[in-house]
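The values are calculated or read from the model by the stated rules, or taken from the named source; none is laboratory data. Here the structure is a predicted model, which is why all the values come from computation and not from measurement. So basically every Cβ, Gly included, is an ideal-geometry build from the backbone, and we count neighbours across all protein chains shown.
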Amino acid sequence: MRASQGGFTLIEMVTALAVLAILCTLALPSMERFSARSTRVTRQDDLVMALHAARSAAITQGGDTMICPSRDGEHCADGEHWEMGWLAGFDRDHDGAPDDMPFLTGQGDPQDDVVILGATSRPRVRFHADGSAPGSNLRLTVCTHQPGSTGGAIVVANSGRIRLARARRERLDRCRSE
């Protein structure tokens with residue numbers, strides 16, 4: 001009596017590898033979009049957390065705090081780009097920069113392809129002891145250069161409320177082109 005041999009033939013293995021290669025090729029663009037979206041959402045959440053921390057510090061410490069974009073992690077930067085990082089600290093002398101050492105810094109990663117576009121009319125956010133952020137509402141648009149990717153927005157109202165919103169089409173287009 002002959003025992004049956006188990007295993008795969010060469011043709012079966014090549015066919016299985018070909019199907020696997022096709023599936024990987026189809027899944028790769030979706031994984032790239034997922035990765036870009038995940039990175040964007042993480043950076044957006046980091047900035048929202050920093051804004052909440054600055055507002056909370058103003059309320060609990062009873063003094064003005066501010067948060068501003070920063071390119072070097074030590075000084076506030078002018079302009080509307082927040083993707084390289086930000087500083088949050090007390091601004092008791094009202095000079096538009098954190099006094100002494102900032103209590104919170106965020107650093108961007110040039111490799112992650114995230115753009116955070118603010119407004120030239122309001123490059124910094126100041127929170128008062130009552131939690132308000134006087135001035136016009138600030139809308140920060142967060143996007144990536146990934147084709148077909150979605151973007152998001154962070155809105156800081158003059159009441160101090162911080163919320164997530166949909167990115168406006170014209171701001172999203174501008175954000176992607178930066």
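Here are the numbers for this structure:
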quantity: Pair list, Cβ under 6 Å, 6 or more apart: the stretch 63-85 residue at positive phi, other residue in a loop (DSSP other than H, G, I, E, B); calculated: 85/70; 85/73; 85/108
quantity: Unique match (being in contact (Cβ under 8 Å) with a residue 60 or more places away in the chain, surrounded by 16 or more Cβ atoms within 10 Å (Cβ to Cβ) and within 18 Å of residue 81 (Cβ to Cβ)) among 160, 151; calculated: 151
quantity: Residue pairs meeting the criteria (Cβ under 6 Å; at least 6 apart or on separate chains; first under 13 Å from residue 83 (Cα atoms), in the stretch 24-48; second of a type in the set (D, E, K, R) and surrounded by 14 or more Cβ atoms within 10 Å (Cβ to Cβ)); calculated: 39/112
quantity: Filter result (surrounded by 23 or more Cβ atoms within 10 Å (Cβ to Cβ), over 13 Å from residue 81 (Cα atoms) and touching a Ser or Thr at 6+ places or on another chain (Cβ under 7 Å)) within the stretch 113-141; calculated: 127
quantity: Every residue from the stretch 76-94 that is farther than 17 Å from residue 54 by Cβ and modelled with pLDDT under 90; calculated: 78, 79
quantity: Selection count where residues are part of a loop (DSSP other than H, G, I, E, B), more than 19 Å from the chain's Cα centre (by Cα) and small (Gly, Ala, Ser), scope the stretch 57-82; calculated: 2
quantity: Test for residue 144: is it farther than 20 Å from residue 79 by Cα, surrounded by 13 or more Cβ atoms within 10 Å (Cβ to Cβ) and either without any contact (Cβ under 8 Å) to a residue 24 or more places away in the chain or within 17 Å of the chain's Cα centre (by Cα) (or both); calculated: no
quantity: Residues that are in a strand (DSSP E or B) and charged (D, E, K, R), drawn from the stretch 97-124; calculated: 122
quantity: Lone unmet requirement of (1) in contact (Cβ under 8 Å) with a residue 60 or more places away in the chain; (2) farther than 25 Å from residue 178 by Cα; (3) under 20 Å from the mean Cα position of the chain (by Cα); (4) assigned to a helix (DSSP H, G or I) for residue 53; calculated: (1)
quantity: Single match in 100, 93, 64, 72 (criterion: surrounded by 17 or more Cβ atoms within 10 Å (Cβ to Cβ) and among the acidic types (Asp, Glu)); calculated: 64
